[in-house]
Amino acid sequence: MEKTYKYCQSCGMPLKKDEKGGGTNADGSKSAMYCSRCYENGAFTNPNMSAQEMQKLVKGKLKEMGFPGFVAGFFTKGIPKLERWTNT
């Protein structure tokens, strides 16, 4: 049985907040691990990105959404521990 995740295992976004309901696998099914921004058709949208680059990107997006810098930092500090980054 496939494990169910609450957060994208690439960027940390809550999967329930994904407007497309999750990324897509190569066969067109929904990914249980990744959001639609990170994963499409069975591949990462930014395959060469590092965990640190993802942290920077997500932190910038959170600041754009009005989150203070320290809150954005708190939300992104766990990104390197997500499965995409620990399996490499």
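Please treat every number below as a calculation from the coordinates, not as lab data. This structure is a prediction, so every number in the text was calculated from the model and none was measured. Backbone-built Cβ (ideal geometry, glycine too); neighbour counts: all protein chains shown.
Quick look at the values:
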| quantity | calculated |
| --- | --- |
| Note, ³J(HN,Hα) from phi for region 65-76, Karplus 6.51, -1.76, 1.60, rounded to Hz, x at Gly and Pro | 7, x, 6, x, x, 5, 6, 4, x, 5, 5, 9 |
| Student exercise, region 1-44 dipole from Lys, Arg, Asp, Glu Cβ charges, in Debye to nearest 20 | 220 debye |
| The chain: angle of helix 51-64 to the longest principal axis, Cα-based, in degrees nearest 10 | 60 degrees |
| Cross-link partners of residue 63 among lysines (Cα-Cα below 24 Å; sequence separation of 8 or more within a chain) | 6, 16, 17, 20, 77, 81 |
| Two-site label geometry, residue 48 and residue 70: point separation in nm, points 7 Å out along Cα→Cβ | 3.8 nm |
| Residues in region 33-55 that a label on residue 83 would reach, taking backbone N under 20 Å of a point 7 Å out along Cα→Cβ | 33-52, 54-55 |
| Counted charge near residue 6, where neighbours are those whose Cβ lies closer than 12 Å (Asp, Glu -1; Lys, Arg +1) | +2 |
| Peptides 45-55, 5-15 ordered by average Cβ neighbours within 10 Å, highest first | 5-15, 45-55 |
| Local electrostatic count, residue 17, Cβ distance below 13 Å [Lys/Arg +1, Asp/Glu -1] | +3 |
| Amide H contacts under 5 Å for residue 13, placed H, 5+ residues apart | 8 |
| Net charge dipole size for region 15-86 [Lys, Arg +1 and Asp, Glu -1 on Cβ; Debye, nearest 20] | 300 debye |
| Reciprocal of mean inverse Cα separation for the chain (Kirkwood radius, Å) | 13.2 Å |
